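Below is one structure, written out as structure tokens, with a few remarks after it.
The values are calculated or read from the model by the stated rules, or taken from the named source; none is laboratory data. Since the model is a prediction, treat every value here as computed from it, not as a measurement. Cβ placement follows ideal geometry from the backbone for every residue including glycine, while neighbour counts extend to all protein chains displayed. Areas reflect the complete protein model, heavy atoms only, side chains present, ligands, DNA and RNA absent. Shrake-Rupley method; radii C 1.70, N 1.55, O 1.52, S 1.80 Å.
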Amino acid sequence: MRDFAPSPDAPASPAPHPPTVSEARLLSVLDTAADGIIVIDEHARILIFNKACERMFGVPAAEVVGKNVKLVMPTEYAREHDAYVGSYIRTGVKKIIGIGREVQGRHADGTVFPLELSVGEAATPDGRQFIGILRDLRPRKESEQRLADLQGELVHLARVSAIDEMGAAIAHELNQPLTALMLYLQAIRRAHSRGVDIVTVVGDILDKAAGEAERAGHIIQRMRQFVEKRDPERHVRALDPLIDEAIDLTLLGQRHRIRIDRQQGENLPPVSVDPVQVQQIVVNLVRNAIEAASGVADPAIQIRTRADDGGVVLEVQDNGPGIAPEALPKLFEAFASSKRRGMGLGLAISRTIAQNHGGDLVVEPGGKGRGACFSLILPAAAAVPDEVG
Ligand SMILES: Nc1ncnc2c1ncn2[C@@H]1O[C@H](COP(=O)(O)OP(=O)(O)OP(=O)(O)O)[C@@H](O)[C@H]1O
Ligand SMILES: [Mg+2]
């Protein structure tokens with residue numbers, strides 16, 4: 001529980017007196033303020049504790065005025081605070097005054113919550129006073145969290161929808177290894193029932209059958225990893241293998257022939273990424289490129305990586321018509337789509353993911369015989385991740 005006794009180093013509270021007219025006016029102004037306002041003296045004793053503070057901390061002003069402001073701080077802050085005020089008065093070095101920063105407050109029920117605190121200073125005939133303006137950050141933090149959750153949902157939904165759209169073709173892809181597996185097993189069964197000596201070949205056929213079963217397993221595993229719901233992660237990885245896997249995943253869903261020209265840059269630094277999210281960008285870009293190029297005689301896509309100052313760039317270029325000028329202004333906005341069955345989420349989500357990784361997604365729109373080229377830029381992983389502390 002909290003100790004409401006005045007701190008031993010504080011002088012006794014001044015004798016209360018009825019407020020003068022101007023004091024009463026000031027108090028009513030303070031009490032109508034939406035922000036919490038606390039005024040303390042040089043000994044950290046509370047002189048003013050407005051109504052917003054009473055609500056924020058769950059304690060009436062009458063219980064705290066005259067006592068040390070540590071009462072409304074969690075223990076670890078409280079310990080530092082006296083030292084803080086003392087050191088400022090001695091040295092004049094400002095750590096918070098005039099700056100403002102995020103601190104923690106303590107409610108009467110013991111909950112600790114985030115606050116934005118800005119502190120001003122006033123010289124009065126009674127000595128120096130410090131005026132703290134406090135804003136409860138919980139509503140902002142909650143809405144930030146809600147937004148982050150929502151974004152996560154959307155990212156996940158887009159992955160599910162990508163797989164969903166590719167569904168029929170993926171089933172077709174799965175059918176190939178399963179059919180091959182069946183054929184191998186049938187061959188053994190036939191030979192066996194005809195009494196043919198299969199000892200010399202059986203090992204080889206079984207290896208092949210196992211290989212096909214493994215291939216089918218991999219397809220399913222990759223899809224499951226891709227749509228699995230998970231919190232964002234960070235792993236230091238080489239970008240190229242991630243890209244290759246994502247290209248394979250995208251091509252699983254393709255019925256049409258398309259030429260893929262893949263070039264890997266040399267000496268690419270590793271990146272610190274959420275592998276599934278980065279693969280999601282690649283899937284989105286390559287699907288868009290395939291869709292854009294599907295109307296030309298010889299559809300082709302170039303997928304290149306290269307090192308670029310301090311980072312890595314992935315370029316996906318197609319030989320389609322380029323971005324339509326009317327689509328360009330809203331290209332990266334959600335729900336902007338020119339396709340009959342498009343959700344218009346691919347690029348919006350991809351850019352958000354890129355920026356959450358400290359990178360970006362940009363486009364050269366092409367046109368006049370040139371296809372669009374999208375560049376995903378990712379910073380290199382820091383050599384010593386914790387060097388900034
Ligand atoms: N490579 C490209 N060439 C030409 N236009 C493109 C290309 N990539 C994207 N676009 C345009 O940008 C729009 C938005 O693309 P985005 O990937 O965000 O959504 P979508 O492909 O329409 O739907 P989905 O949510 O299924 O990805 C597309 O509808 C298309 O008009
Ligand atoms: Mg798309």
* Asked: Can you give the accessible area per residue of region 21-136, in Å², using a 1.4 Å probe?
  -> 52
* Straight-line reach from LYS141: which aspartates and glutamates have Cα under 13 Å away, leaving out those fewer than 8 places along the same chain? -> GLU102, GLU116, ASP149
* Asked: Going by average Cβ neighbours within 10 Å, how do the peptides 141-150, 270-279, 233-242 rank, with the highest at the top?
  -> 270-279, 233-242, 141-150
* Asked: Which angle between 0 and 90 degrees, to the nearest 10, do you get for helix 275-293 versus the longest principal axis of the chain when only C-alpha atoms count?
  -> 50
* **Sum of -39500 (n - 2.57) over DSSP H runs of 4+, divided by residues of the chain (222 nm, nearest 500)** => -15000 deg cm²/dmol
* To do: Could you calculate the contour length gain from ILE89 to LEU185, that is, 0.36 nm times the residue separation minus the distance between their Cα atoms, to one decimal place in nm?
  => 25.9 nm
* Express the carbon and sulfur contribution to the solvent-accessible surface of the chain as a percent, rounded to the nearest whole number, probe 1.4 angstrom. => 55
* Hey, rough spin-label estimate for ASP31 and LEU147, points 7 angstrom out along Cα→Cβ, what's it come to in nanometres? -> 3.6
* Return the Cα extents of the chain along principal axes one, two and three, sorted largest first, each rounded to a whole Å. => 110, 58, 40
* To do: Work out the FRET efficiency for ALA324 and ARG224 from their Cβ-Cβ distance, taking R0 = 22 Å, and round it to the nearest 0.05.
  => 0.05
* Structure fact -> Per DSSP, the loop-located trypsin sites (Lys or Arg not before Pro) within region 311-360 having at most 15 other beta carbons within 10 Å are LYS339, ARG340, ARG341
* What is the Cα centroid distance between region 332-367 and region 122-168, reported in whole angstrom? -> 23
* Structure fact -> If one compares the long axis through the Cα atoms of helix 138-193 with the longest principal axis of the Cα atoms of the chain, the angle in degrees, nearest 10, works out at 20
* **Residues of region 146-379: accessible area per residue with a 1.4 Å probe, Å²** => 56
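Mind checking region 245-300 for trypsin sites (Lys or Arg not before Pro) that DSSP puts in a loop (not H, G, I, E or B) and that have at most 11 other Cβ atoms within 10 Å? List each step's numbers first, then the result.
On the way: sites: ARG255, ARG257, ARG259, ARG262, ARG287; in loops: ARG255, ARG257.
Counting only loop positions with at most 11 other Cβ atoms within 10 Å, the trypsin sites (Lys or Arg not before Pro) in region 245-300 are ARG255, ARG257.
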* To do: Round to the nearest 10 and give me the degree value, 0 to 90, for the angle of helix 239-252's Cα axis relative to the longest principal axis of the chain.
  => 60
* **C-alpha center-to-center spacing [region 274-316, region 69-101] in angstrom** => 53
